[in-house]
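Below is one structure; the comments refer to it alone.
The values are calculated or read from the model by the stated rules, or taken from the named source; none is laboratory data. Just so we're clear, the structure is a prediction, and the values are computed from it rather than from any experiment. Cβ placement follows ideal geometry from the backbone for every residue including glycine, while neighbour counts extend to all protein chains displayed. Each accessible area value is taken on the protein alone, full model and side chains, heavy atoms only, with ligands, DNA and RNA left out. Shrake-Rupley method; radii C 1.70, N 1.55, O 1.52, S 1.80 Å.
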Amino acid sequence: MKRLLRSKPIRWIAVLAIASAVILAVWAFWWEPSSLDVIEQTIAVKRWHVEHEGLRIAVLSDLHVGSPHRDLASLQELVSITNKRTPDLVVILGDLVIQGVLGGRSVPPEDIARELARLRAPLGVVAVLGNHDWWLDGERVRRALSTEGITVLTDQSLRVTHKNRSFWLMGLDDLWTRGNHLQATVASIQDDEPIIALSHNPDIFPEMPPRVTLTLAGHTHGGQVNLPIVGRPIVPSRFGQRFAYGLIEENGRKLFVTGGVGTSILPVRFRVKPEVAIVTLKRV
């Protein structure tokens with residue numbers, strides 16, 4: 001055995017294996033989780049006003065401030081990057097805080113909200129809450145955001161008027177912790193104006209009625225790990241990889257799921273970089 005290990009080919013294979021493991025560990029536990037991409041996604045939708053052609057929405061989700069690499073300083077950078085893209089509207093799709101992520105440190109929601117108050121968009125900043133927000137204290141998180149001028153929708157809708165035409169933002173409360181109130185929330189909208197649904201969890205999408213123009217969601221983190229061939233082995237969804245990431249179209253309805261920013265449980269991302277998504281809407 002010792003003689004075998006002394007052979008040059010075996011030594012080189014061992015060195016390469018160790019080096020590869022180190023590179024992958026640095027990639028997955030440091031370089032990728034600490035990075036931030038801005039992705040551009042154009043979505044063609046039905047039931048959309050011609051006056052709103054080209055409307056740009058910054059989609060932020062799963063900030064998980066306090067997870068490794070995601071402190072208040074990095075949140076300041078995220079806000080600045082988002083503002084430089086000059087979106088018409090900013091939506092925040094929940095999970096501002098953390099619980100139990102390895103190597104994480106809890107950050108008060110009031111401090112997070114204070115940084116998010118620097119976001120700028122002519123049509124405003126609108127948020128829904130996620131499961132981690134409610135596990136901490138949903139009312140506290142909602143109050144922190146509202147105090148800083150950020151509108152929080154909990155199974156509520158908000159009419160947005162732009163260029164003398166209107167559309168609705170329908171904000172659904174977290175599916176896991178608050179239950180499913182989709183039908184009642186949709187029914188509360190009495191006119192035929194377009195509806196953009198904001199949901200932390202994409203699992204609500206199969207029940208989304210056709211009258212909803214587009215659903216925006218987060219929660220999955222894109223699985224955090226996306227392996228070649230295998231795909232995304234761990235996705236917090238009862239539908240597995242079906243709604244894990246990106247633009248999904250089913251039966252004429254459209255869902256966009258962002259991979260979000262922070263991490264949960266393990267501070268790892270592999271081939272799923274943290275992102276700010278800029279969604280541009282155009283008419284079919």
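First check a/c for the range 55-179, with a ≥ b ≥ c the square roots of the eigenvalues of its C-alpha gyration tensor; if it is under 1.5, answer rounded, and if not, answer prolate when a/b is larger than b/c or oblate otherwise.
Oblate.
Running a GNM on the chain with Cα contacts under 10 Å, which residue among 87, 108, 202 ends up with the highest mean-square fluctuation?
108
Choose one of 167, 10, 204: the residue whose Cα lies farthest towards the positive end of the charge dipole of the chain (beta-carbon charges +1 Lys, Arg; -1 Asp, Glu; about the Cα centre).
Result: 10.
For the range 166-245, take the alpha-carbon Rg, divide it by the Kirkwood Rh, and send me Rg/Rh.
Looking at the range 166-245, the ratio lands at 1.04.
Based on the Cβ-Cβ distance of residue 10 and residue 230, what FRET efficiency does E = 1/(1 + (r/R0)^6) give at R0 = 25 Å, to the nearest 0.05?
0.30
In whole percent, and with a 1.4 Å probe on the protein chains, what portion of the accessible area of the chain is carbon and sulfur?
57
In terms of solvent-accessible area of protein heavy atoms at a 1.4 angstrom probe, what is the ranking of 134, 176, 48, highest value first?
Descending order: 176, 134, 48.
What whole-number value in Å² describes the accessible area per residue of the chain for a 1.4 Å probe?
46
For the chain, take the longest principal axis of its alpha carbons; what is the angle in degrees between that and the long axis of helix 8-26, to the nearest 10 within 0 to 90?
It works out to around 30 degrees.
Taking a ≥ b ≥ c as the square roots of the eigenvalues of the Cα gyration tensor of the range 109-187, is the shape rounded (a/c under 1.5), prolate (a/b larger than b/c) or oblate?
In terms of gyration-tensor shape, oblate.
Just the number: Rg to Rh for the chain, Cα atoms, Kirkwood Rh, two decimals.
With Rh from the inverse mean 1/r over Cα pairs, Rg/Rh is 1.05.
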